[in-house]
Amino acid sequence: MFSFGLIGLGAANSLLLLRMEKAGVLDDAAGIIFDPNFKATNDKTYCFWANPDDEIVHDLKASIKHSWSHVVAGDNLQRFSSMKYYMVESITLYNKTRELLERHPNLKRSAEQVRDVVDYSVYIDVLTDRGSYQVLKVYDSRPPQINEVIGKTVWQSFEGWKVRFDEPTFEERTMRLMDFNIPQNGFTQFMYVLPTSTTEALIEVTRFGQEMLPKELAKDLLRNYLLTYNKSYSINEIEQGVIPMSQNAEQFHSSPKVISTGARAGKLKSTTGYAFKAMYEHAQEMVANEILNKNTNPWFGMPSRGGGRFALYDFLLLFILKFRPHWGKSIFTRLFAIKSSEEVLTFLDQRSSLIWELGMFTRLNKRKFIWSLIFSFFAFMLSKPQRWVPVVFSFVALGINRFAPGYGTSLGLGILIFFLFAVGIPHGALDGFSHSRKLKLPAFMARYLGIMALVVLLWLISPIVGLICFLLYSAWHFGETDLVEWQRANIGLSMLWGAMLLGIILLSHLSEVNILMGYMNIPEWTIAEDVALSMVKLFLFLGVIMALWFRSAAWGLSLIALALGTQLPLALSFGIYFVLQHSLTGWSHLKTNENWTHSGMFVRALPFTAGAVIMFLVLFQFDRSSLWQWSSYFLIFLSALSLPHIYFMSRLYKEV
């Protein structure tokens, strides 16, 4: 059994190991590091900016190849007043990590390829192409799988040449940032010049765009740029790379004991590609948590996530780079013309003030960002209908009811019943389909129906126990699905949020709930109306606090829909959440995870949908005279459908 395991030994996990050694964590720990390569070549150049007195500079002093105190941005030569720009070559970091491993024989190296990571509560099982290893905690730096919400991924593709001139050419303490005096080719393209002496420099061409920079074009741009120096040179090294510019690169395991690092943890700045300093600070945080034993607790292991206003800024710029990439030159050129490079770098560190940011945006290309704000809003709404449709639907139903009492409810229920069979029921069967490919359809359906029969039997034996079980597993499942969608997955928080949203729906319709309980031979909920109303207000208030704490607009929209639902009948309020938010979300998760199409999903779900319709019609025959009696049958029917669905979806979320 190993104390910890590292998957990958790039910059993120190398910085983590160095931090662990500094904190004394490695002295009594048995660790294993998985990396098929254990790199011994200089394949990357890392850059960051910091105050010379910052801890990162002191810790990496021996690894820093060069630093710059002056910068040319546009046509302006500027001097940094409180920071410097630093360069670290990857080979230096790799060698330093290799020396660390030699000092600690308790750390095992493995070239095996990691296939999967499974949490068995007591330990984590790391499955490789040759076997398995048991560890107590895993730090995972594998490249993330990116699922863009809008459009295709923007890439930062680059090629850099380390050149040597025959005679002094550079001022070695002055670098050049984002020189746009090269052809743009319909994208955002620029040069960096990072001198390491008067005759040597790293000169790099970079493209921001959905199409990567072709190698031949990169070479042509570099050759033409070097011709402007009108001096002889030689190429010592060439480095190439591609970095995803995405706000959807974060990928977290369902277990708090499996911790993402590097790009997988979202430490890559989506609009610039800078990551080194963020990875260093993340290593500090992880080691501090290790010392305090925080990460093994599901609550402490919960990712806070959400970038606040800076995430919005990145979102707007990325939208421009996706759909108007040729605007990048004018935006960045204007930015460096109105603000000093030091101020811009402070902004990129997310340490600028709101007043400064407002002043910056008022002097930038306002029309371009207004265009991005408007069109990105509509694009996002179309990509995530489950986030806004419940709010709009509730508003429309309330509006119709105000001018034509009852019509909004009737129309709303009719639409919801249609979508229940179009999306709600199918999404509840397709999850099982995705986990049961080895079973033939009849065998799978028999197992599914068997679980449903057990649920119905429980209701017949004890309606109270059946109801309690239904509410418990529904609360868990609703909360889990919402928090996975909002990227705040956590065991305790899932249960809390699920219980709160069910409390808002049920306690705000207490009289209707008690009527339904009467038809099911279940005692009334003996809660005073004013107490129930106070609890609803409390749950809504706590929900607002959570949405603000986690900086989640989607959470806020869900609360608005739930609040509006308190003014609608129970069936409509529950249906809006269950069909238009929960079912659409689950449908989206299955589509993304299985890489299915909408039409393919409908076809796969057809046998289950047909079976559900038949069972629905059979139930309807029991008692057509009473809507409440029929509703009680439907509730049991829904609880029977839900249990196998929840089981399979929970398995799916553990694999995501």
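The values are calculated or read from the model by the stated rules, or taken from the named source; none is laboratory data. Quick caveat: nothing in here was measured; it's all calculated off a predicted structure. Neighbour counts run over all protein chains shown; Cβ positions are idealised from the backbone, glycine included. These accessible areas exclude ligands, DNA and RNA; they are computed on the full protein's heavy atoms, side chains included. Shrake-Rupley method; radii C 1.70, N 1.55, O 1.52, S 1.80 Å.
Modelled label positions at MET495 and LYS366, each set 7 Å beyond Cα in the direction of Cβ, lie 5.3 nm from each other.
The base-10 log of I(q)/I(0) for the stretch 326-368, evaluated at q = 0.15, 0.22 Å⁻¹, reads -0.34, -0.73 [Debye formula, identical scatterers on Cα atoms, solvent excluded].
Sorted from greatest to least, the principal axis extents spanned by the alpha carbons of the stretch 110-247 come out as 65, 36, 26 Å. Averaging 1/r across all pairs of distinct Cα atoms in the stretch 443-545 and inverting the result yields a Kirkwood radius of 15.4 Å. In the chain, what % of DSSP beta bridges are antiparallel (nearest 5)? Rounded to the nearest five, the antiparallel share is 75 percent. For the residues VAL287, VAL25, a 1.4 Å probe over the protein chains yields an accessible-area ranking, largest first, of VAL25, VAL287. Between HIS66 and MET87, the built amide H atoms are under 5 Å apart, and every one of these is 5 or more places off in sequence or on another chain. In this calculation the C-beta distance from VAL613 to PHE38 is compared with R0 = 35 Å, giving a FRET efficiency of 0.05.
Measuring nothing but protein heavy atoms, the accessible surface of the chain at 1.4 Å probe radius is 61 percent carbon and sulfur.
Of the GluC sites (Glu not before Pro) found in the stretch 85-167, not one falls in a DSSP loop while having at most 10 other beta-carbon atoms within 10 Å. Would you please classify the overall shape of the stretch 510-656 from the alpha carbon gyration tensor, given that a ≥ b ≥ c denote the square roots of the eigenvalues, rounded means a/c under 1.5, and beyond that prolate means a/b larger than b/c while oblate covers the rest? It comes out oblate by the Cα gyration axes. The trypsin sites (Lys or Arg not before Pro) of the stretch 313-396 that meet both conditions, a loop assignment by DSSP and at most 12 other Cβ atoms within 10 Å of the site Cβ, are ARG351.
Hey, what D do you get for the stretch 149-195 in µm²/s if you plug the Kirkwood alpha-carbon radius into Stokes-Einstein at 10 °C and 1.306 mPa s?
In µm²/s, the coefficient is 118.
The trypsin sites (Lys or Arg not before Pro) found in the stretch 1-68 that occupy coil by DSSP, while having at most 14 further C-beta atoms within 10 Å, are LYS61.
Give the Rg/Rh ratio for the chain, taking Rg as the radius of gyration of the Cα atoms and Rh as the Kirkwood radius, to two decimals.
1.03
Each residue of the stretch 25-39 was assigned a 3J(HN,Hα) from its phi angle through the Karplus curve 6.51 cos²θ - 1.76 cosθ + 1.60 (θ = phi - 60°); the sequence is 6, 7, 4, 10, 10, 9, x, 9, 10, 9, 7, x, 10, 6, 4 Hz, with glycine and proline shown as x. For a straight C-alpha distance cut-off of 25 angstrom, the lysines reachable from LYS257 (same-chain residues fewer than eight places away being disregarded) are LYS22, LYS108, LYS137, LYS267, LYS269, LYS277, LYS294, LYS654. Distance from the C-alpha centroid of the stretch 360-398 to that of the stretch 106-169: 35 Å, rounded to the whole angstrom. Couplings for the stretch 332-340, taken from phi via the Karplus curve 6.51 cos²θ - 1.76 cosθ + 1.60 with θ = phi - 60°, read 5, 4, 5, 4, 6, 7, 9, 10, 6 Hz in order; Gly and Pro are left as x.
Solvent exposure of the chain amounts to 46 Å² per residue of accessible area, where only protein heavy atoms count and the probe is 1.4 Å.
Based on Cα contacts under 8 Å between residues 6+ apart, the chain shows a relative contact order of 13 percent.
Size of the stretch 1-130: Rg and Dmax of its alpha carbons, in Å, are 18.3, 60. Prolate is the label for the stretch 114-177. Its Cα gyration tensor axes, ordered a ≥ b ≥ c, give a/c of at least 1.5 and a/b above b/c. In order along the stretch 105-115, the phi-based Karplus estimate (6.51 cos²θ - 1.76 cosθ + 1.60, θ = phi - 60°) of 3J(HN,Hα) comes to x, 6, 9, 9, 9, 9, 8, 6, 8, 6, 9 Hz; Gly and Pro are listed as x.
Legend: translational diffusion of the stretch 546-597 by Stokes-Einstein, Rh = Kirkwood radius over C-alpha pairs, 37 °C, 0.692 mPa s; D = 265 µm²/s.
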